[in-house]
Amino acid sequence: MNSSTTSQQLVLQPFWDYLLAEFGGLVNCPIFPVLLAFSGYLCFSLPFAIIDMLGDRCHFFYQYKIQKNKSPTIRMMLFCVWKAVLNHIIYVFPTVFLNWLWMPPVSLPVRAPSICTLLEEVLGCLLLFDLQYFIWHVIHHKIHWLYKKVHAVHHDYVAPFSWSSQNLSGYELMTVGFWSTMNPIQLGCHPLTSWTCNLLSVWMSVDDHIGYNFPWSLHNIFPFGLYGGALAHDLHHQKPGTNFAPFFRHWDYICGTAYSF
């Protein structure tokens with residue numbers, strides 16, 4: 001291990017030591033990634049829900065709304081949150097419990113990853129998930145009965161809003177959750193990478209559904225238009241045969257399914 005890698009590792013080591021010492025039992029619990037992701041969903045969505053409720057009374061944000069003629073109601077927001085809670089109770093928690101019985105958690109590593117390792121592993125997980133969901137998404141739009149039985153739930157709203165990122169059928173939620181859980185394991189990632197990627201994926205999913213094209217949004221900053229963000233996914237809900245990729249846009253460009261205003 002060279003001095004550069006050692007110095008990068010030392011940056012995260014105090015934080016990792018603190019997690020192990022203070023919350024080791026919690027973070028090693030099988031339910032922790034689920035609680036982390038769901039908490040992220042609530043925290044990331046709430047600010048945009050407030051912006052939606054303010055509507056045109058707050059012109060500073062409203063001017064960037066993509067579909068100004070459609071605004072979510074409080075009833076729609078509460079329904080999406082309730083559906084997310086119900087999906088976790090019916091599908092996620094029982095699956096986690098059964099997986100814990102089948103494969104008890106192993107001890108967490110003592111060493112933290114270096115910063116470069118963390119970034120490389122997170123990018124690898126995101127790119128792999130992007131390809132998996134792109135293929136799944138195209139198939140579930142092209143095969144009518146799959147769309148009707150599985151994916152149509154997510155298209156209940158032509159104008160997406162932050163809470164609607166979790167407006168999913170149980171099967172779709174379990175598929176996405178399986179990839180999110182297994183990809184870091186298959187790639188041999190550090191647990192800190194897995195949790196970081198988990199939380200980042202939730203944020204990116206919420207960001208896809210906020211319904212606002214802010215100038216400071218990542219898709220307006222990321223070079224070459226390779227990150228989709230809210231605008232690309234909003235257009236997917238308006239034109240469901242386009243913009244299938246969840247995060248990045250390279251597969252849509254390659255397959256000819258990219259669409260922009």
Would you please name the residue that is modelled with the lowest pLDDT, looking only at residues in the range 8-24 that are open to solvent by 60 Å² or more (accessible area, probe 1.4 Å) and over 24 Å from Val202 (Cα atoms)?
Leu10
Find the helices (runs of 4 or more DSSP H) located wholly in the range 144-261 whose residues include 3 or more that are among the hydrophobic types (A, V, I, L, M, F, W, C) and open to solvent by 20 Å² or more (accessible area, probe 1.4 Å), and list them.
170-186, 191-209, 250-255
In this structure, is Asp52 without any contact (Cβ under 8 Å) to a residue 24 or more places away in the chain and either open to solvent by less than 90 Å² (accessible area, probe 1.4 Å) or not in a loop (DSSP other than H, G, I, E, B) (or both)?
no
Cβ-Cβ under 8 Å pairs, at least 6 apart or on other chains, the range 229-244 side within 17 Å of Lys68 (Cβ to Cβ), far side β-branched (Val, Ile, Thr)
Ala230/Ile66; Ala230/Ile210; Leu231/Ile66; Asp234/Ile66; Leu235/Thr242; His237/Val158; Gln238/Val158
Kindly establish whether Ile74 is of a type in the set (Val, Ile, Thr), closer than 30 Å to Ser169 by Cβ and over 21 Å from the mean Cα position of the chain (by Cα).
yes
Name the single residue that is least open to solvent (accessible area, probe 1.4 Å) among those in the range 123-143 being among the β-branched types (Val, Ile, Thr) and part of a helix (DSSP H, G or I).
Val138
Collect the residues in the range 25-49 that are open to solvent by less than 80 Å² (accessible area, probe 1.4 Å) and over 18 Å from Asn198 (Cβ atoms), keeping them in residue-number order.
Gly25, Pro47, Phe48, Ala49
Would you check which residues across the range 90-122 are of a type in the set (A, V, I, L, M), open to solvent by 90 Å² or more (accessible area, probe 1.4 Å) and part of a helix (DSSP H, G or I) and list them?
Ile90, Leu98, Leu101, Leu119
Do we find that Ile74 is farther than 16 Å from His209 by Cβ, surrounded by fewer than 12 Cβ atoms within 10 Å (Cβ to Cβ) and modelled with pLDDT of 95 or more in this structure?
yes
Given the condition within 30 Å of Ile210 (Cα to Cα), free of Cβ contacts under 8 Å to residues at least 12 places away in the same chain and aliphatic (A, V, I, L, M), answer yes or no: does some residue in the range 105-114 qualify?
no
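The values are calculated or read from the model by the stated rules, or taken from the named source; none is laboratory data. The structure presented is a predicted model; accordingly, all values stated were derived computationally and were not measured. No Cβ is skipped: glycine too gets one built from the backbone with ideal geometry, and neighbour counts run over all protein chains shown. Areas reflect the complete protein model, heavy atoms only, side chains present, ligands, DNA and RNA absent. Shrake-Rupley method; radii C 1.70, N 1.55, O 1.52, S 1.80 Å.
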